[in-house]
Structures are given as C-alpha cells and as structure tokens.
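Working notes, beginning with the structure itself.
Every number here is computed from the coordinates shown, using simple stated rules; none is lab data. Quick caveat, the model's predicted, so the values are computed rather than measured. Cβ coordinates were reconstructed from backbone atoms using ideal geometry, including for glycine residues, and neighbour counts include every protein chain displayed.
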Amino acid sequence: MTARPLPLNDFLVVDLTAHRAGPTAVRQLADWGARVIKIEPTGELIDATGSRRDGPDFQNLHRNKRAMTLNLKSEQGRAIFMKLAERADVIVENYKSDVKHRLGIDYEAVRKINPRIVYGSISGFGQDGPYAGRAGVDQIAQGMGGLMSITGLPGQGPVRVGIAINDTSAGLLLAYGIVVALLDRERTGEGQWVQTSLLEAQIFMLDFQAARYLMKGEVAGQEGNFHPTSPGTGMFQTAISTSRPPATIYGAGSAKPPEPGICSTIPIL
C-alpha cells in the first residue's frame, strides 16, 4: 500500500529561526511534511538554546529539517538567500524586530521577488510599539503576561511554569497562522506577513483567567493544585483502601496508582 503524502509535502520552507519559539513553529511544518531548509550562521557548534547539535534539545527542535550555513551579513549570502526566497512558499524568522530590516531580508524585500511568500515572524513583544526593539525570553513573558502571579501556592510569590510555555505556544500559534495564510493564498494568489510574539501568546494562554477579569473584574490569584473556579477538584488527602478505594483519577499514562497519601480525586457527594 502506497504511503499517503503528508499535507504540506508540496511546500518549501526557509527556516531562519533560532532559540525555541521559531524552531517550534517550523518543526510543526516539517512534521506535517514541508520541505525545510534551515539557514545556520557560519562557525557555530552550539545552538542558541545552548544545546549541542547532537544533543536531545537540538534534535527535538530541528527534526525533519535540512540545513545549510549562510552568512546573511555578506552580499553573497543575501543573494543566495534571495534565490531560495524566490521559490519558497514560507519564510520563518524570530529575530529582534529590527534585525531582518537591517539585513535586507524582511517581508517587503522578499515580497518584491515573490508576492506569494508567506512570511512568519515571532518576536518578544511584537513588530511595532514601545517594546518592539527589545529581546524577549520565555520567563520575561510569563512575568509580564501575568502567568507567574497565578502559578504556585497561595502567598508563595511569583512562580514560573516548568516549561517554556510562551516559546512553544507562540510557535504553535505561528504555525497555525502560516497554514491559514497558505489556505488564503489559494484563494487570492498572494502571500502575507503572519506575526505573533511571546507576550501575545502568553495573554492568549491566560484564557479563562483573563476572561474572569475582563468580564467580571475578578483578579485571579495562586491556587496551588486546586482549580480556581471549579470547587471540589484538586489535591486531597486520601486513604487508599483495598476494600473500597476512593474515586481517584490518575495522571495520563500512569503505570500504577500513587502511594497512599496525596491523590488527585473527585470527592463522592
């Protein structure tokens, strides 16, 4: 039986990204079948995340990609990039907002030679506005976006989430936007510039906690392992009984029940 082509098999992506947010976006496109050419700076053995090229973090972020080194600060390097851009469907970058303009590889420059290009950008704080020129990292966006004030135990003080949640969510949002732009291009024949940022992604991820404030004026606080709006769910002291165990929900993929003590339960009313 012939393997079914992946949905993005026919699309060529030029990947200018580093760190985590941009590579996450491109990884999604690569996993969905896109042909990805990752442009890497010359002479670097360690990735911007601090991971070795053969390390788990690098291999996870950049799977299913091909790579080439290119000096985009040189005239020859920019010329080669523009040759790639001329036949690409998608370009993705996560520089500080002004870098692509200084290099001469911004959306308007590429659009002149390829009006069908879908150009994806992730920055810390957006492409314009008072913080546009600033670099951004995940933990800063967690703090500025409000996540650290609702994470942790009551009274504990600001606590970061244990994963790079804004990098990954911004990457997923950009990948989603790029695919929508490609669909729109089928109708209009023209590409567009798709943008998001770490701070925008964090505000989006606040979801119902933000809606509580915007619609009801409720300021969310730290709740630890308890749900902020649904009473009766959370972490409770329980006794494991072989005769009549409590209604216990174990984490997804749990190989065995937890030891007697603290379990995540739904109380039986």
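Indicate the helices, whole DSSP H runs only, in the chain that combine a mean Kyte-Doolittle hydropathy of 0.5 or more with a Cα extent along their long axis of 18 angstrom or more.
Counting only whole DSSP H runs, the qualifying helices are 165-188.
How many nm separate the modelled label positions at residue 82 and residue 3, each set 7 Å beyond the Cα in the direction of the Cβ?
Simple spin-label model gives 3.8 nm for this pair.
Going by amide H atoms built from the backbone, whose H comes under 5 Å of the H on residue 18, apart from near neighbours?
94
Tell me the label-point distance for the pair residue 71, residue 40, using the 7 Å Cα-to-Cβ offset, in nm and rounded to one decimal.
Those two pseudo-labels are separated by 1.8 nm.
Between residue 233 and residue 214, what is 0.36 nm times their sequence separation minus the Cα-Cα distance? Round to one decimal in nm.
On the way: separation 19, 0.36 × 19 = 6.84 nm, distance 2.44 nm.
Here the segment from residue 233 to residue 214 would lengthen by 4.4 nm.
In nm, what is the difference between 0.36 nm times the number of residues separating residue 10 and residue 99 and their Cα-Cα distance?
On the way: separation 89, 0.36 × 89 = 32.04 nm, distance 2.94 nm.
Contour length minus the Cα-Cα distance gives 29.1 nm.
For region 12-206, with only Lys/Arg (+1) and Asp/Glu (-1) charged at the beta-carbon, what is the dipole magnitude about the Cα centre, in debye rounded to 20?
360
Using Cβ counts within 10 Å as a stand-in for footprinting exposure, how do 58, 81, 208 rank, fewest first?
Working: 58 18, 81 22, 208 10.
By the 10 Å Cβ count, ascending: 208, 58, 81.
Most fluctuating residue of 29, 172, 183 in a GNM of the chain with Cα springs under 10 Å: which is it?
Maximum fluctuation in the GNM of the chain, among the listed residues, is at 183.
What is the set of long-range amide H partners of residue 91 at a cut-off below 5 Å, with H atoms built 1.01 Å from backbone N?
Counting only residues 5 or more places away or on other chains, the set is 14, 118, 119, 120.
For 165, 117, 140, which order do you get if you count the other beta carbons within 10 Å of each Cβ and list the fewest first?
140, 165, 117
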